[in-house]
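The values are calculated or read from the model by the stated rules, or taken from the named source; none is laboratory data. Computed from a predicted structure; not experimentally measured. Heads up, the Cβs are rebuilt from the backbone with ideal geometry, glycines too, and the neighbour counts pull from every protein chain shown. Each accessible area value is taken on the protein alone, full model and side chains, heavy atoms only, with ligands, DNA and RNA left out. Shrake-Rupley method; radii C 1.70, N 1.55, O 1.52, S 1.80 Å.
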Amino acid sequence: MNVIEAIHCRHSYRGKYKNIPVPKDDLIKIMQAGLDAPSGCNKQTTSLIAVDDPHILAKLRRVIEPPIGDTAPAAICVLTQRINAYRDKCFAVQDYSAAIQNMLLAIVELGYQSCWYEGHITDDDKICDKIAQVLNVPDNYELVCYLPVGIAECEAAQPKKKPFGERAWFNSFPQE
Ligand SMILES: Cc1cc2nc3c(=O)[nH]c(=O)nc-3n(C[C@H](O)[C@H](O)[C@H](O)COP(=O)(O)O)c2cc1C
């Protein structure tokens, strides 16, 4: 699968996963894809924790309520350090977004599925902080995203996207 194919095949998967472990080598490839992403002024503000130990996954499931990706045999947690790239410019959100997208594409290429879970875990109930506590994340890192990883049991839904011509143009914003 080339990159363009992976981009077109990727959809958020929220279904059940097969009970088949993800080999460590694949998790490393996925994480490396995340770490290879660009970052503002190369500050590399994104860090990652992969979880494949069933005992730790079980601990995470206890704090992720309502459950997300709870049948996945592995997950990658995305951490950020909100430090400035220069003056008062912090690109941490852009940095971790680029890393997440790289990982989502690598996940698809390797035959797995995932979903970018950020809203769910950073909401008012701050599940992110509970996950961070389970994983011994120090206070100067913020856990911002949870990516389940595993082989899907069913097809991912394909959400409707607006037509190309409503969002992308050549040479000028379209005139009335
Ligand atoms: C910043 C961000 C946060 C997201 N948070 C969640 C989330 O908390 N729960 C969820 O089910 N999907 C979440 N998603 C996935 C989006 O809902 C999904 O990308 C969108 O519906 C388009 O579907 P697609 O990924 O299949 O193209 C998030 C995506 C992004 C980019």
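The single condition among (1) surrounded by 17 or more Cβ atoms within 10 Å (Cβ to Cβ); (2) within 16 Å of the ligand (Cβ to nearest atom); (3) more than 30 Å from ASP125 (Cβ to Cβ) that HIS8 does not meet is (1).
Restricting to the range 153-169, and then to whatever is hydrophobic (A, V, I, L, M, F, W, C) and either open to solvent by 80 Å² or more (accessible area, probe 1.4 Å) or on the phi > 0 side of the Ramachandran plot (or both), can you tell me which residue is farthest from the ligand (Cβ to nearest atom)? Once the filter is applied, the top-ranked residue is TRP169.
Which of the residues spanning the range 134-152 are within 13 Å of the ligand (Cβ to nearest atom) and among the hydroxyl-bearing types (Ser, Thr, Tyr)? Once the filter is applied, which keeps residues that are within 13 Å of the ligand (Cβ to nearest atom) and among the hydroxyl-bearing types (Ser, Thr, Tyr), the range 134-152 yields only TYR146. For GLY165, the criteria (1) within 23 Å of ILE49 (Cα to Cα); (2) in a helix (DSSP H, G or I); (3) of a type in the set (Gly, Ala, Ser) hold in every case but one, which is (1). Considering every residue within the range 110-129, establish whether at least one is modelled with pLDDT of 95 or more and farther than 23 Å from ILE64 by Cβ. The answer is yes; a qualifying residue exists.
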